[in-house]
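Below is one structure, written out as structure tokens, with a few remarks after it.
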Amino acid sequence: MARLLVVEDDETIGTVLDSSLRAHGHEVSWTRTGRGALAAAAGHDPDLVLLDLGLPDLDGVEVCRRLRVQLPGAVLVVLTARTDEMDVVVGLEAGADDYLTKPLRLDELRARIRAHLRRGGPASSSRGTVELGALFLDLAGRRVTVAGAEVSLRAREFDLLARLAADAGHAVSRETLMSDVWDVNWFGSTKTLDMHIAALRRHLGATGARGLPEIVTLRGHGYRLDPPT
């Protein structure tokens with residue numbers, strides 16, 4: 001999960017983004033102005049910023065430029081209702097990593113967020129950690145510990161566990177796991193996914209520790225990592 005900053009002056013859109021992203025486990029700070037965005041960026045150090053370019057107080061492109069200076073390691077995604085290609089180009093040149101046009105599709109937005117965080121957000125930074133009961137993942141160091149003892153995983157096993165942990169408590173389809181962990185253009189058998197799931201269960205089960213999350217099979221869909229109760 002990550003710290004997200006939403007900069008959106010439209011009350012309806014902002015409310016939808018705030019509730020949807022929180023429902024998926026993210027820590028969300030929502031502000032409606034450019035000045036609020038600059039203040040929030042300084043105070044909350046977000047991993048990813050969703051920035052509407054049409055702000056009421058400051059030019060969105062200038063806010064983007066200043067956020068890039070303030071947050072050199074964060075992902076900046078601009079949201080725009082503008083259809084002119086030049087506006088998008090200017091936003092990207094100001095430091096944005098990506099853009100989405102309104103009206104937004106929430107599934108696409110969440111997929112983009114996951115992809116960016118995987119490639120350049122907290123998963124690759126020193127603060128990228130996940131803790132679920134006795135299970136602790138150090139994403140930057142690619143280490144897994146259970147009750148303080150390190151567990152040795154192969155590269156794909158680690159990536160799969162990290163991907164499930166990113167949406168702990170939520171169903172993740174087989175197609176999404178294959179695309180995110182292996183490759184978007186994977187054409188081979190998905191049996192390899194089942195083999196890696198089985199290996200993860202063996203590795204975690206072999207520790208004998210209590211308070212571990214459970215990898216639940218969802219027949220006909222995929223898997224879910226349930227946090228310990």
* Structure fact -> Using alpha-carbon coordinates alone, the radius of gyration and Dmax of region 129-226 in Å work out to 12.8, 38
* Inter-label distance for residue 131 and residue 195, nm, one decimal - labels placed 7 Å from Cα along Cα-to-Cβ -> 3.6 nm
* Structure fact -> Residue separation between residue 57 and residue 22 times 0.36 nm, minus their alpha-carbon distance, gives in nm 10.0 nm
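Which FRET efficiency, nearest 0.05, do residue 69 and residue 155 yield, Cβ-Cβ r, R0 30 Å? Please list the in-between numbers first.
Working: r = 35 Å, r/R0 = 1.16.
That gives a FRET efficiency of 0.30.
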* **In degrees, nearest ten, helix 34-44 long axis to first principal axis of the chain (Cα)** => 30 degrees
* Asked: Magnitude of the Cβ-charge dipole of the chain, K/R +1 and D/E -1, about the Cα centre, nearest 20 debye?
  -> 1040 debye
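Considering all projection directions equally, how large on average is the shadow of the alpha-carbon convex hull of region 39-111, in square nanometres? Could the numbers behind the result be given before it?
Details: hull surface 19.7 nm².
Result: 4.9 nm².
Give me Rg/Rg_expected for the chain, where Rg uses Cα atoms only and Rg_expected = 2.2 N^0.38 Å with N residues.
Details: Rg = 19.0 Å, N = 229, 2.2 N^0.38 = 17.3 Å.
It is 1.10.
Given R₀ = 41 Å, FRET efficiency for residue 110-residue 142 by Cβ-Cβ distance, to 0.05? All intermediate terms of the calculation are to be shown ahead of the outcome.
Details: r = 24 Å, r/R0 = 0.59.
FRET efficiency, residue 110 to residue 142: 0.95.
For the chain, what is the mean residue ellipticity at 222 nm derived from helices alone (per DSSP H run of n ≥ 4: -39500 (n - 2.57); sum divided by total residues; nearest 500 deg cm²/dmol)?
It comes out at -12000 deg cm²/dmol, rounded to the nearest 500.
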* Structure fact -> With the charge dipole of the chain built from beta-carbon charges (+1 for Lys and Arg, -1 for Asp and Glu) about the Cα centre, the Cα from 46, 140, 56 projecting farthest to the positive end belongs to 140
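Looking at the chain, what % of its DSSP beta bridges pair antiparallel, to the nearest 5? Each step should come with its number before you reach the end.
Numbers: 18 of 36 bridges.
Rounded to the nearest five, the antiparallel share is 50 percent.
Mind checking the dipole of region 129-226: about its Cα centre, +1 per Lys or Arg Cβ, -1 per Asp or Glu Cβ, Debye to the nearest 20? Walk me through the numbers before you get to the answer.
Values: 12 positive and 12 negative charges, 60 e Å.
Dipole magnitude for region 129-226 comes out near 280 debye.
What relative contact order, as a whole-number percentage, does the chain give when Cα pairs under 8 Å and 6 or more residues apart are counted?
Numbers: 378 pairs, mean separation 31.3, N = 229.
RCO, the chain: 14 percent.
Treating the beta-carbon of each Lys and Arg as +1 and of each Asp and Glu as -1, no other charges, what is the dipole magnitude of region 3-124 about its Cα centre, to the nearest 20 debye?
That gives region 3-124 a dipole magnitude of about 460 debye.
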* Structure fact -> Taking every alpha carbon pair in region 1-70 and sorting the distances into 5 angstrom bins from 0 up to the bin holding the longest one, the percent per bin comes out as 4, 19, 32, 25, 15, 5, 0
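How large is the Kirkwood hydrodynamic radius of region 3-124, in angstrom, based on all distinct alpha carbon pairs?
On the way: mean 1/r = 0.0715 Å⁻¹.
When all Cα pairs of region 3-124 are included, the Kirkwood radius is 14.0 Å.
Read-outs: derived from the displayed coordinates by stated rules, not from any lab. The shown structure was predicted, so the numbers you read here are calculated from the model rather than taken from an experiment. Methodologically, a virtual Cβ is constructed for each residue, glycine included, from the backbone with ideal geometry; neighbour enumeration extends over all protein chains shown.
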